[in-house]
Amino acid sequence: MNEREVDSISLFHFHVTQISRAAGQSAIASAAYRAGEKLHSDYYGEDSDYTAKHGVLHSEILLPPHAPERLRDRETLWNEVEKAERRKDAQLAYSFDIALQNELSFEENLELARKFLQDNFVAAGMIVDFAIHDPERNSTQNPHFHVMAPIRPLNQDGTWGAKQQLVYRLDEAGQRIRKPNGKYAVDAVSTTDWGRPETLDRWREAWADLVNQKLDEKGLDCRIDHRSYAEQAIDLLPTVHEGVAVRQMEQRGIRTEKGDMNRWIKATRRMLQALKKKLASLKQWIDGVQIELKERDTSPNLVALLSDYYAQRNQGTLTFSRYAGQKARVKNLKAFSETVNFLQANKLYTLEDLKKKIAEVHARRQPLQDTVKANSKRIKKLQELQRHAEAYAKTKTIHDQLQQIKFKKRREQFQQDHEPELRGYYLAKRKLAGYGEPFPIKSWQAECAKLQAESEAAAAQANELWQEVRHLTAVQHQVNTVLHQNTEHEKDQTR
């Protein structure tokens, strides 16, 4: 992508839900609504007629190579999906709602939607039924597309496959775990990764990349960003060691406590680093603005600048309908009041005050970063000690049995039969050297909980800082807009 300065962020909306009988939903009715068609449901014995629906510009079904051609018919496809699901509370389909860009033509948006679905959904074996909508309301366009995809995968022979499969639960050594009744413990895991949070994140990022590539090709200085404000970057905080069993369970889509902790640590590190980058950007911006205003020999009041900004916004509403204009002006007044209240509460009257506020927020951020980083490192160590203590307890009996065997051949056979357990025992013993038995597991757990609570408190404070930065960023945008318009006005007067 070209190194072009991006002046604005366009709309990003990428939402997914599930169509489920438990929620009183029907795959046929949902598909009929999105496509603006009349479809008959064999399951319910009724028609769903949305042929009078306005704003449906295009609908289409995309099939993977192994799908039977008959499924290209919408009524056939969704009746088969309904028939394949026997439960009264069955989950029928994934439903996506994705925003398109007003900066692009219908043909360009359609091309992007097709390519995204083909490369990310169909290539993964998914059947896709999508429709582009553009319902114009209050003279405002809202182009977007809906996607329905069956949750149940399709086998290579064209038959409907299984949603889940049973997988044995394994211990740290990779051995199957028995329940108290002697049977092996199993987990029901999804046969696909389509419903995993990581997959959704990958799809969101792929869509943003595809759209931004097109915007760049057209020379447009706007972009979309699939990440939240707190996910703009990554800092260096250690994560907790998950272990073989935890990683295997997470890979199969089973959430674990350690996996959740690592997700929390990663989310916290992203928020803290996002704060760092945004504050650096704000400082660079305000330094530049101060230099520019010094050359003009002027130092405007912040509230006056914001008053000009919202006056200009209200002026732009005069071309709206009466209702839309009134609604926009009320919204502007509310936003203006919130921003002014923030400035007054923090005693921010000049750009110099704003600069000091940015430095103050930055100074408050660093200790939070240090706390979370140090605590995460210590939690990692404590979790590792607990893991080894658990392994030691599980394997010590095997080691003790080995010590009771006097004959060499029997001893060697025992070692061979229990090689994984003995290897785990010796590793745990090395890692726990210096800690007397019984190991202080409860003390380690208590310290972990204390450090986690401290880190969560620091993260809450960081979130408060982010809200302040959000207000500062809004002020930045508004001041920039007014100064830019004033500059253009001065240029017009000198011509």
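Considering only region 27-43, how many residues are over 35 Å from the mean Cα position of the chain (by Cα) and within 14 Å of SER59 (Cα to Cα)?
Result for region 27-43: 1.
Looking at ALA457, ALA428, which is the one that is exposed (fewer than 15 other Cβ atoms within 10 Å of the Cβ), part of a helix (DSSP H, G or I) and under 44 Å from the mean Cα position of the chain (by Cα)?
Numbers: ALA428 fails: exposed (fewer than 15 other Cβ atoms within 10 Å of the Cβ).
Going through ALA457, ALA428 in turn, the sole match is ALA457.
Quick one: in region 460-482, which of the residues that are crowded, with 18+ Cβ neighbours inside 10 Å and more than 14 Å from LEU279 (Cα to Cα) is farthest from the chain's Cα centre (by Cα)?
So, considering only residues that are crowded, with 18+ Cβ neighbours inside 10 Å and more than 14 Å from LEU279 (Cα to Cα), the one farthest from the chain's Cα centre (by Cα) is VAL482.
Considering only residues of region 17-59 that are part of a strand (DSSP E or B) and touching a Leu at 6+ places or on another chain (Cβ under 9 Å), which is farthest from ARG87 (Cα to Cα)? Before the answer, list the steps.
At the first step, the residues of region 17-59 found to be part of a strand (DSSP E or B) are 17-20, 38-41, 46-49, 56-59.
Narrowing the set further to residues that are touching a Leu at 6+ places or on another chain (Cβ under 9 Å) leaves 18-20, 47-49, 57-58.
Details: GLN18: 15, ILE19: 14, SER20: 10, ASP47: 21, SER48: 22, ASP49: 25, LEU57: 34, HIS58: 32 Å.
Going through the qualifying residues, I end up with LEU57.
Residues in region 386-396: is at least one under 19 Å from GLN467 (Cα atoms) and free of Cβ contacts under 8 Å to residues at least 24 places away in the same chain?
Filtering region 386-396 down to residues under 19 Å from GLN467 (Cα atoms) leaves none.
No, region 386-396 contains no residue that is under 19 Å from GLN467 (Cα atoms) and free of Cβ contacts under 8 Å to residues at least 24 places away in the same chain.
Collect the residues in region 92-116 that are free of Cβ contacts under 8 Å to residues at least 12 places away in the same chain and either within 20 Å of LEU200 (Cα to Cα) or among the acidic types (Asp, Glu) (or both), keeping them in residue-number order.
Of region 92-116, the ones free of Cβ contacts under 8 Å to residues at least 12 places away in the same chain are 105, 107, 111.
Answer for region 92-116, where residues must be free of Cβ contacts under 8 Å to residues at least 12 places away in the same chain and either within 20 Å of LEU200 (Cα to Cα) or among the acidic types (Asp, Glu) (or both): GLU107, GLU111.
Take ALA27 and tell me if it is hydrophobic (A, V, I, L, M, F, W, C), loosely packed, with under 15 Cβ neighbours inside 10 Å, at negative phi and touching an Asp or Glu at 6+ places or on another chain (Cβ under 6 Å).
Values: hydrophobic (A, V, I, L, M, F, W, C): yes; loosely packed, with under 15 Cβ neighbours inside 10 Å: no; at negative phi: yes; touching an Asp or Glu at 6+ places or on another chain (Cβ under 6 Å): yes.
When the stated conditions are applied, ALA27 does not pass them.
Any residue that is under 30 Å from GLU421 (Cα atoms) and out of contact with any helix residue (DSSP H, G or I) (no Cβ under 9 Å at 6 or more places or on another chain) - is there at least one of those in region 188-206? First the steps, then the outcome.
Of region 188-206, the ones under 30 Å from GLU421 (Cα atoms) are 188-189.
Keeping just the survivors that are out of contact with any helix residue (DSSP H, G or I) (no Cβ under 9 Å at 6 or more places or on another chain) gives 188.
Yes, because at least one residue in region 188-206 is under 30 Å from GLU421 (Cα atoms) and out of contact with any helix residue (DSSP H, G or I) (no Cβ under 9 Å at 6 or more places or on another chain).
Which of the residues that make up region 332-348 are more than 13 Å from ALA474 (Cβ to Cβ), surrounded by 11 or more Cβ atoms within 10 Å (Cβ to Cβ) and among the hydrophobic types (A, V, I, L, M, F, W, C)?
Correct list: LEU333 only.
How many of the residues in region 362-394 are small (Gly, Ala, Ser) and over 25 Å from GLY424 (Cβ atoms)?
Here is the first cut: in region 362-394, the residues small (Gly, Ala, Ser) are 363, 374, 376, 389, 391, 393.
Add one more test, that the residue is over 25 Å from GLY424 (Cβ atoms), and what stays is 363, 374, 376.
Total satisfying the criteria: 3.
When only residues in region 156-191 that are part of a loop (DSSP other than H, G, I, E, B) and without any contact (Cβ under 8 Å) to a residue 12 or more places away in the chain count, which is surrounded by the most Cβ atoms within 10 Å (Cβ to Cβ)?
To start, the set of residues in region 156-191 that are part of a loop (DSSP other than H, G, I, E, B) comprises 156-159, 161-163, 169, 171-175, 177, 179-183, 185, 191.
Remaining after also requiring without any contact (Cβ under 8 Å) to a residue 12 or more places away in the chain: 159, 177, 179-183.
On the way: THR159: 9, ILE177: 12, LYS179: 10, PRO180: 6, ASN181: 5, GLY182: 6, LYS183: 8.
In this case the residue turns out to be ILE177.
Which residue out of LYS396, LYS380, LYS373 is in a helix (DSSP H, G or I), surrounded by 12 or more Cβ atoms within 10 Å (Cβ to Cβ) and touching a Pro at 6+ places or on another chain (Cβ under 6 Å)?
Values: LYS396 fails: touching a Pro at 6+ places or on another chain (Cβ under 6 Å); LYS373 fails: touching a Pro at 6+ places or on another chain (Cβ under 6 Å).
Unique residue meeting the criteria: LYS380.
Is it true that some residue in region 118-137 is outside any strand (DSSP E or B) and aromatic (Phe, Trp, Tyr)? Working first, answer last.
Of all residues in region 118-137, those outside any strand (DSSP E or B) come to 118-127, 134-136.
Imposing the further condition that a residue be aromatic (Phe, Trp, Tyr) reduces the set to 121.
Yes, some residue in region 118-137 is outside any strand (DSSP E or B) and aromatic (Phe, Trp, Tyr).
Out of curiosity, is ALA31 among the small types (Gly, Ala, Ser) and farther than 19 Å from ASP134 by Cα?
Numbers: among the small types (Gly, Ala, Ser): yes; farther than 19 Å from ASP134 by Cα: no.
Spelling it out, it is not the case that ALA31 is among the small types (Gly, Ala, Ser) and farther than 19 Å from ASP134 by Cα.
When you scan region 440-448, do you find a residue that is part of a helix (DSSP H, G or I) and at pLDDT below 90, even just one? Steps first, answer last, please.
First, pick out the residues of region 440-448 that are part of a helix (DSSP H, G or I): 441-448.
Pick out the ones that are also at pLDDT below 90 and you get 448.
Checking region 440-448: at least one residue is part of a helix (DSSP H, G or I) and at pLDDT below 90.
Here are ALA324, ALA328: which of them is aliphatic (A, V, I, L, M), at pLDDT below 80, buried (at least 16 other Cβ atoms within 10 Å of the Cβ) and touching a helix residue (DSSP H, G or I) at 6+ places or on another chain (Cβ under 9 Å)? Lay out the reasoning, then the answer.
Details: ALA324 fails: buried (at least 16 other Cβ atoms within 10 Å of the Cβ).
Result: ALA328 is the single residue among ALA324, ALA328 that is aliphatic (A, V, I, L, M), at pLDDT below 80, buried (at least 16 other Cβ atoms within 10 Å of the Cβ) and touching a helix residue (DSSP H, G or I) at 6+ places or on another chain (Cβ under 9 Å).
Answer with yes or no whether LEU354 is under 30 Å from GLU468 (Cα atoms), surrounded by 17 or more Cβ atoms within 10 Å (Cβ to Cβ) and within 29 Å of the chain's Cα centre (by Cα). Steps first, answer last, please.
Values: under 30 Å from GLU468 (Cα atoms): yes; surrounded by 17 or more Cβ atoms within 10 Å (Cβ to Cβ): yes; within 29 Å of the chain's Cα centre (by Cα): no.
Criteria not met by LEU354.
Got a number for residues in region 361-384 being under 15 Å from LYS278 (Cα atoms) and either at pLDDT 90 or above or among the aliphatic types (A, V, I, L, M) (or both)?
Counting residues in region 361-384 that are under 15 Å from LYS278 (Cα atoms) and either at pLDDT 90 or above or among the aliphatic types (A, V, I, L, M) (or both) gives 2.
Can you tell me which of (1) buried (at least 17 other Cβ atoms within 10 Å of the Cβ); (2) at pLDDT 80 or above; (3) charged (D, E, K, R) is the one LYS277 doesn't meet?
Only one criterion in (1) buried (at least 17 other Cβ atoms within 10 Å of the Cβ); (2) at pLDDT 80 or above; (3) charged (D, E, K, R) is unmet by LYS277, namely (1).
Filtering region 126-151 down to residues that are at pLDDT 95 or above and not hydrophobic (A, V, I, L, M, F, W, C), which residue is farthest from LYS214 (Cα to Cα)?
Step by step, filter region 126-151, then rank; the result is PRO150.
Which one of these is at pLDDT below 90 and more than 27 Å from LEU200 (Cα to Cα): ASP7, ASP42, ASP49, ASP89?
Going through ASP7, ASP42, ASP49, ASP89 in turn, the sole match is ASP7.
Filter region 217-247 down to the residues that are part of a helix (DSSP H, G or I) and at pLDDT below 85, then identify the one that is farthest from TYR168 (Cα to Cα). Write out each step before concluding.
We begin by selecting, within region 217-247, every residue part of a helix (DSSP H, G or I); these are 217, 229-231, 243-247.
Add one more test, that the residue is at pLDDT below 85, and what stays is 229-231, 243-247.
Details: TYR229: 39, ALA230: 37, GLU231: 35, GLY243: 17, VAL244: 14, ALA245: 11, VAL246: 13, ARG247: 14 Å.
For region 217-247, the residue satisfying everything is TYR229.
The values are calculated or read from the model by the stated rules, or taken from the named source; none is laboratory data. All figures in this text were calculated on a predicted structure; none of them were measured in a lab. Don't worry about glycine lacking a Cβ; one is built from the backbone with ideal geometry, like all the others, and counts go over all protein chains shown.
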